[in-house]
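Working notes for the structure below.
The values are calculated or read from the model by the stated rules, or taken from the named source; none is laboratory data. Worth saying up front: this structure is predicted, and the values here are computed from it rather than measured. Glycine gets a Cβ as well: all are built from the backbone with ideal geometry, and neighbour counts include every protein chain shown.
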């Protein structure tokens, strides 16, 4: 059993537990519909809505991945910029060799003490 199957079953149980209904005000399907309704139309409406939502979610995912691939191809990457690059690290190591405390070095360089400790350990 896949995680998606289990999630679908849980979501189905949650819909019933919360007593969700769909009220269509006009048109051929006008009326109140329930996910586990007695009629085929009820079940069909919710199945179509679920399929449309799944398709939209998959399209969003594909577009996001396409955008990430295009950015990577252009040499851009996401995420936070590095706080402690090689130049800053070289200055920090030189000052540490002279006996200065990591706290004082971090304060002078404008970076967090834990960030500097982590960079010095690497």
*Output yes when any residue across the range 42-56 is surrounded by 12 or more Cβ atoms within 10 Å (Cβ to Cβ) and more than 32 Å from the chain's Cα centre (by Cα), and no when none is.*
yes
*asked:* Quick check on residue 79: is it in the same structural domain as residue 19 (by TED's automatic domain parsing), in a loop (DSSP other than H, G, I, E, B) and either at positive phi or surrounded by 12 or more Cβ atoms within 10 Å (Cβ to Cβ) (or both)?
replied: no
*asked:* I'm trying to understand the selection: among the residues of the range 82-113, which are at pLDDT 90 or above and part of a loop (DSSP other than H, G, I, E, B)?
replied: 98, 99, 100, 101, 110, 111, 112
*Among the numbered conditions (1) modelled with pLDDT of 90 or more; (2) part of a helix (DSSP H, G or I); (3) surrounded by fewer than 10 Cβ atoms within 10 Å (Cβ to Cβ), tell me where residue 4 comes up short.*
(1)
